[in-house]
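The values are calculated or read from the model by the stated rules, or taken from the named source; none is laboratory data. In this text, all values refer to a predicted model and were calculated from it rather than measured experimentally. Note: ideal-geometry Cβ built from the backbone for every residue, glycine included; neighbour counts use all protein chains shown. With ligands, DNA and RNA removed, areas are computed over all heavy atoms of the protein, side chains included. Shrake-Rupley method; radii C 1.70, N 1.55, O 1.52, S 1.80 Å.
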Amino acid sequence: MFGLSACVAGSALAKPPKSTQKNAPRKAAAVVAASAGATAALSATQVASARPSTVSDMGPEAQLAKIFKEIEDNRLSSALQLTENLLRQYPNYRLAHLIRGDLLMARTQPIQSFGALNSAPTEKVADLRAEAIARLKGYREKPQDNAVPRYLLQMQPDQRYAIVVDTKRSRLYLYENDVKNGGRPRFVADYYVTQGKLGAEKSAEGDKRTPIGVYHVTANLPRQKLADLYGSGAYPINYPNEWDKRQGRGGSGIWLHGTPSDTYARPPKASDGCVVLTNQDLEAISKNLQVGLTPVIISNSVEWLSLDDWNKERTELNKAIDAWRSDWESRDTERYLKHYSKRFKSADQSYEQFAAQKRQVNGGKEWIKVKVDNLSVFRNPGKEEVVVVTFDQDYRSNNLNNQMKKRQYWIREDGKWKIIYEGSA
């Protein structure tokens, strides 16, 4: 792919007459914009003006936006200088090499398309065009201050950060658990990412798709233990989780990881199912990842809630969880069982088996006390209304004391939240 720019990188092209430069079409930015929708929707001017106040420029997006703005305004020399600066910062950035080639070519003839060099492989140019679209859209469509991802309903106090991945936008959002403000998720930064070659909705081993769901980081694999493909490190997540297994989904080896040493960034769809960041970005977020704690929520398209709606959903679910706890303490088994879906299934019990056991056990209890600590509540992306609830459970009764970390999946049935899965976390 580097041959794409090598054809023109060393060329000493004479500056064309003014008439030629005036007519040089500014199509590099326009083609990118048109590929994403209407040109107006992604013009470089709007990219700069539509950004909200909460912004983090963690990668080359800001520089790319300036480059395309200069191209649109026919300031090609300035655009070339900015591109050269970008390449000094990221010498193996293939998209920047492609843009540089276009700009050098524009000195002698009009640019007819993005990746205008005749020697440019069509498939590779399409990949780089897709990356440019994704980066510019991500730069423009930052999360607003008054909205949060619907999935981050409650983080436990020691979960410092959460990750939300939007596969449609090829974007990873990092949120801080703002404990001082009641655990409100606070936007920190966002990053361009690569997903599976065939998109999202993973269901089977080898399908080259990225899973959709609520996961957690399970390990930290350093560069020294990995092949070069994985770059500066890798963080496996717990796919398939309990809900995936219930849905019959299989496969394994889904990681957050970096890029090979000779590659700055990969196209939006290029992995075998993993979520891939540049090495620089992975190193930035790795400081915030906690093995066994950090949630990684992957969605087809992130749903955003106003703070009022977020607080309403969170309050409703907290009330449902506390009612379950209180009804367990009451020793009224039938009232307690109303919190469970008839489709409930644990690791080794159906609803009927679970209900029979609870009736038997509770019959011998004189009193029960249940304490719930370190509660986290994450909404599962997807069509069904499902939430993942994890907490430290302290169970005490007249004849048994037990502490465990528990995970439940709650589903909305007939307008009420019911437990459909329960087990140790």
**Report entry** Complete set of residues in region 399-425 that are basic (Lys, Arg) and either surrounded by fewer than 18 Cβ atoms within 10 Å (Cβ to Cβ) or under 23 Å from the mean Cα position of the chain (by Cα) (or both)
**Finding:** Lys405, Lys406, Arg407, Arg412, Lys416
Report task. Please specify each residue of region 285-301 satisfying the condition of being hydrophobic (A, V, I, L, M, F, W, C) and either in a loop (DSSP other than H, G, I, E, B) or open to solvent by 30 Å² or more (accessible area, probe 1.4 Å) (or both). Result -> Leu289, Val291, Leu293
Query raised in the report: Somewhere in region 58-69, is a residue modelled with pLDDT of 90 or more, open to solvent by 10 Å² or more (accessible area, probe 1.4 Å), among the polar types (S, T, N, Q) and under 20 Å from Ala134 (Cβ atoms)?
Result: yes
Query raised in the report: Assuming Ser424 fulfils every condition listed in (1) free of Cβ contacts under 8 Å to residues at least 24 places away in the same chain; (2) in contact with an Asp or Glu (Cβ under 6 Å, 6 or more places away or on another chain); (3) among the hydroxyl-bearing types (Ser, Thr, Tyr) apart from one, which condition is it?
Result: (2)
Query raised in the report: Which ranges mark the strands (runs of 3 or more DSSP E) fully within region 183-265 that have 2 or more residues being under 22 Å from Gln154 (Cβ atoms)?
Result: 184-192, 213-216
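Got at least one residue in region 267-276 being in contact with a Pro (Cβ under 9 Å, 6 or more places away or on another chain) and closer than 27 Å to Gly138 by Cβ?
yes
A quick yes/no check of all residues on (1) acidic (Asp, Glu); (2) buried (at least 23 other Cβ atoms within 10 Å of the Cβ); (3) over 17 Å from the mean Cα position of the chain (by Cα):
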| position | (1), (2), (3) |
| --- | --- |
| Ala147 | no, no, no |
| Arg150 | no, no, no |
| Lys180 | no, no, yes |
| Arg184 | no, no, yes |
| Tyr191 | no, yes, no |
| Gly199 | no, no, no |
| Glu205 | yes, no, yes |
Query raised in the report: Quick one: what pairs do we get from region 337-357, first residue within 15 Å of Ser424 (Cα to Cα), second among the acidic types (Asp, Glu), C-beta under 6 Å, 6+ apart or different chains?
Result: Ser346/Glu422
Requested in this report: State the number of residues belonging to region 382-398 that are open to solvent by 10 Å² or more (accessible area, probe 1.4 Å), at pLDDT 95 or above and out of contact with any Lys or Arg (no Cβ under 7 Å at 6 or more places or on another chain).
Outcome: 1
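For Gly258, indicate whether it is touching a helix residue (DSSP H, G or I) at 6+ places or on another chain (Cβ under 9 Å) and surrounded by fewer than 21 Cβ atoms within 10 Å (Cβ to Cβ).
No, not satisfied.
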**Report entry** Checklist (1) more than 16 Å from Arg209 (Cα to Cα); (2) open to solvent by less than 20 Å² (accessible area, probe 1.4 Å) applied to Ser232, failing item
**Finding:** (2)
Query - Residue ID - nearest to Leu282 (Cα to Cα), chosen from residues in region 302-345 that are crowded, with 17+ Cβ neighbours inside 10 Å and polar (S, T, N, Q) - result: Ser341
Requested in this report: Looking only at region 158-177, count how many residues are over 26 Å from Leu198 (Cα atoms) and of a type outside the set (Lys, Arg).
Outcome: 6
**Report entry** Hey, Tyr175 out of contact with any helix residue (DSSP H, G or I) (no Cβ under 9 Å at 6 or more places or on another chain) and open to solvent by less than 40 Å² (accessible area, probe 1.4 Å) or not
**Finding:** yes
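Residue-by-condition table, conditions (1) in a strand (DSSP E or B); (2) buried (at least 19 other Cβ atoms within 10 Å of the Cβ):
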residue	(1), (2)
Thr108	no, no
Gln112	no, no
Lys137	no, yes
Leu153	yes, yes
Asp158	no, no
